[in-house]
Amino acid sequence: MSTEIFANYSIDLLDSKNPYYELKIQNYKTCIQSYKNGESHLRHYPLRATIQTNETCNLKCIMCQIHGQEVKRKLLSLSFKNLQKVVQELFPYLIEVHPTNIGEPLVYKYFDYFCKQIANYGVLLDLTTNGMLLNDLVILKISPILKDIKISFDGFKEETFQKIRKKSNYGKVKSNLFKLLKYKKENGHQFTVTLQMTINKLNYKELLEIIDFAHEIGVNRVKAYHVFSYFKEVDELSLLQHEVEFEEIRIQAINKAKKYNLRLEISEPQQHELNETNLIQVKCPLLWTECWIDCDTNIYPCHSHFPLKFGVLIEDFKKVWNSKNYSILRDAQVLGFPSLICKNCGVNYFKKEENQKVTYDIQNFFSKTLKQNLKDESIKWSNRSKQFFLNRQ
């Protein structure tokens, strides 16, 4: 299982001529060994970091919490001083970095510096963007350092797209996408391009057309996951409690993607009783391989649940990485009895069958409290997180 886990970190894409290459490879090997041995005190640094660079965006998408009525505080950005701290502490060891889980990374004030340091330290960039700012200069800047770029694409029809992604421009996003793919092909870059769709009642019927479109233009992957609601208006858009509407489309999408040899990552159907014989329990690798750093440099151990802070980067990353709380979670994983936020989490399991049904943590998808048919002790998948919920305390 460890081979499959660590294959996700693309060491083959690293620049072997970069002065930090050997350090990254050694860190990678040490990480694998630490995971296999079940060590709780780690000698290595994470392989991947999600860094919340900014909470700001140039759009006003209808499901986004940034512009929700319930946001009660000023939106934050990672300061230049703290960005430098992140770079100095982690970039020599990281294989890949993902900026911002909330906002649009291309509007971050220090994005140019961020990219320069990624290049200097030989890190791979995993980027999610709304595509509006992908002009020629940005494409030139990010292409040499990209691992994957996910472009939000929430409707094949212009009317649907514009209804969901307010202040965006359907034609401009498509034009920028075409320019990116053309530049990639002409310059032989190896990064992958993904169209990312947030499935909801307004757009789910257009998934098949998006898959056709992706295949036609040479996109590598389509991602389609349930909308994640932060306020009551968006609760009504969710298909999670009405999946009969989505299931026929989902099955057709899987078959179509196979026909095209197109990679498709799609929400599994919900079920009320989980067949645990279809699961293989593993040590959640994230406690050994990844970390999440907020705008205020708070460090979190997980992406799937409400925040459990373990410290701040400005103290000393390695000290936080090997703190008592981290050790408790790792030791519990090794013993086979995950505790605290890890308890009953689906990330502790591998599914034996592709696209098999799972039991969702409904509370992690809706803004309001919903009655679940699952027992509290059931294994649940969250799929999308409230990790950087804007009204967190």
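Results, tabulated for the structure shown:
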item: Positions within the range 252-287 being assigned to a helix (DSSP H, G or I) and among the β-branched types (Val, Ile, Thr), in sequence order; result: Ile254, Thr277
item: Residues of the range 11-44 satisfying the condition of being open to solvent by less than 40 Å² (accessible area, probe 1.4 Å), under 23 Å from Phe111 (Cβ atoms) and either touching a Gly at 6+ places or on another chain (Cβ under 6 Å) or not in a helix (DSSP H, G or I) (or both); result: Leu14, Asn18
item: Those residues of the range 197-212 which are open to solvent by less than 30 Å² (accessible area, probe 1.4 Å) and not in a helix (DSSP H, G or I), in sequence order; result: Met197, Thr198, Ile199, Asn200, Asn203
item: Sole residue being in contact (Cβ under 8 Å) with a residue 60 or more places away in the chain, of a type outside the set (Ser, Thr, Tyr) and either on the phi < 0 side of the Ramachandran plot or touching a strand residue (DSSP E or B) at 6+ places or on another chain (Cβ under 9 Å) (or both), chosen from Lys184, Lys166; result: Lys166
item: Boolean, Gly122 is in contact with a helix residue (DSSP H, G or I) (Cβ under 9 Å, 6 or more places away or on another chain), crowded, with 21+ Cβ neighbours inside 10 Å, among the small types (Gly, Ala, Ser) and at pLDDT below 95; result: no
item: Helices (runs of 4 or more DSSP H) wholly inside the range 50-160 that include at least 3 residues being farther than 30 Å from Gln26 by Cβ; result: 136-142
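Yes or no, residue by residue, for (1) in contact with a Phe, Trp or Tyr (Cβ under 7 Å, 6 or more places away or on another chain); (2) crowded, with 19+ Cβ neighbours inside 10 Å; (3) within 30 Å of Lys185 (Cα to Cα):
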site: Ala214; (1), (2), (3): no, yes, yes
site: Arg221; (1), (2), (3): no, no, yes
site: Ala224; (1), (2), (3): no, yes, yes
site: Val227; (1), (2), (3): no, yes, no
site: Phe231; (1), (2), (3): no, no, no
site: Glu247; (1), (2), (3): no, no, no
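The values are calculated or read from the model by the stated rules, or taken from the named source; none is laboratory data. Note that the coordinates shown come from a computational prediction; the quantities given were computed from them, not determined experimentally. Reconstructed Cβ throughout: ideal geometry from the backbone, glycine too, with neighbour counts over all protein chains shown. Side chains are part of the model used for accessible areas, which takes the heavy atoms of the whole protein and leaves out ligands, DNA and RNA. Shrake-Rupley method; radii C 1.70, N 1.55, O 1.52, S 1.80 Å.
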